[in-house]
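In what follows, a single structure is set out as structure tokens and then discussed.
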Amino acid sequence: MMVAQLPQVDAQSPQTLQVEVESWAAQLEVVHARIAHHFVRAEPRQRVLAYLKGLLSNCQRKNGWQLAELMGEMTPDGMQRLLSTAKWDANSVRDDLQRYIVEHLGDLPAIGVLDETGFLKQGDKSVGVGRQYSGTAGRVENCQIGVFLGYATAKGFAFLDREIYLPKEWVNDQKRREETGVPEAVRFTTKPQLARVMLERALFGWSVFSLGKWGYGLW
């Protein structure tokens, strides 16, 4: 999740900007310390900090190979383990980050921002992938669709939550579900229903909604 406080810096002062950037790096360490206990083993606990630093770097492509190279590793195996087989509770991490966001950006009015984005894919193995409309591409493409919830106040903005959209053909395909580890309890859920779930499990209330360009029509 991204947290961004609106910068209070003089554009003509490189020294002030440098101090601000250094404070962001220090806050990343604070965030990592806050979520580290969710990673039982030391290897993924340390790797998640390197992963976050990679995502925030100027690395052109944030894939496993590029991030591994940035860390000085020969293969992307470690990064792939972190995201696929390492034992950690992503939802518990999300909840801790939501509390952090409220502490640092909490204010009224608070705006909940809902929208979706498409992730273009070439293969057919990624969860939820298929030919469907992608607003990112502006046309039907082979892609995954994610629904996202953001939080915005006068103090800044952050991503709060996410859900992957599973088309009906995916939900009804037991073989693909087993191959990709989709839990048995997952059933077909529309994008507006996914958005509602995220709003209801957020750890605070809302003052204003912004439903993105799709107009999710939740209520």
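Taken together, the values in this text are just the output of simple stated rules run on the coordinates, not laboratory data. Quick caveat: nothing in here was measured; it's all calculated off a predicted structure. Quick reminder, even Gly has a Cβ in these numbers, built from the backbone with ideal geometry, and neighbours come from all protein chains shown.
Label zone (Val186, point 7 Å along Cα-to-C-beta; backbone nitrogen cut-off 19 Å) within the range 87-122: 87-95, 116-122.
With K and R counted +1 and D and E -1, the other residues having a Cβ less than 12 Å from that of Leu166 yield a net charge of +2.
Rg and Dmax of the range 37-91, based on Cα coordinates, read 10.9, 31 Å. Give me the base-10 log of I(q)/I(0) for the range 108-210 at each q in 0.14, 0.22 Å⁻¹, Debye formula, one uniform scatterer per Cα, rounded to two decimals. Cα-only, vacuum Debye calculation for the range 108-210: -0.61, -1.13. Label the range 164-204 by shape, choosing from rounded, prolate and oblate, from the square roots a ≥ b ≥ c of the eigenvalues of the Cα gyration tensor; if a/c is under 1.5 it is rounded, and otherwise prolate applies when a/b is larger than b/c, oblate when it is not. Because a/c hits 1.5 or more and a/b exceeds b/c, the range 164-204 counts as prolate. Report note on the peptides 173-183, 142-152: ranked by the mean count of other C-beta atoms within 10 Å, highest first, their order is 142-152, 173-183.
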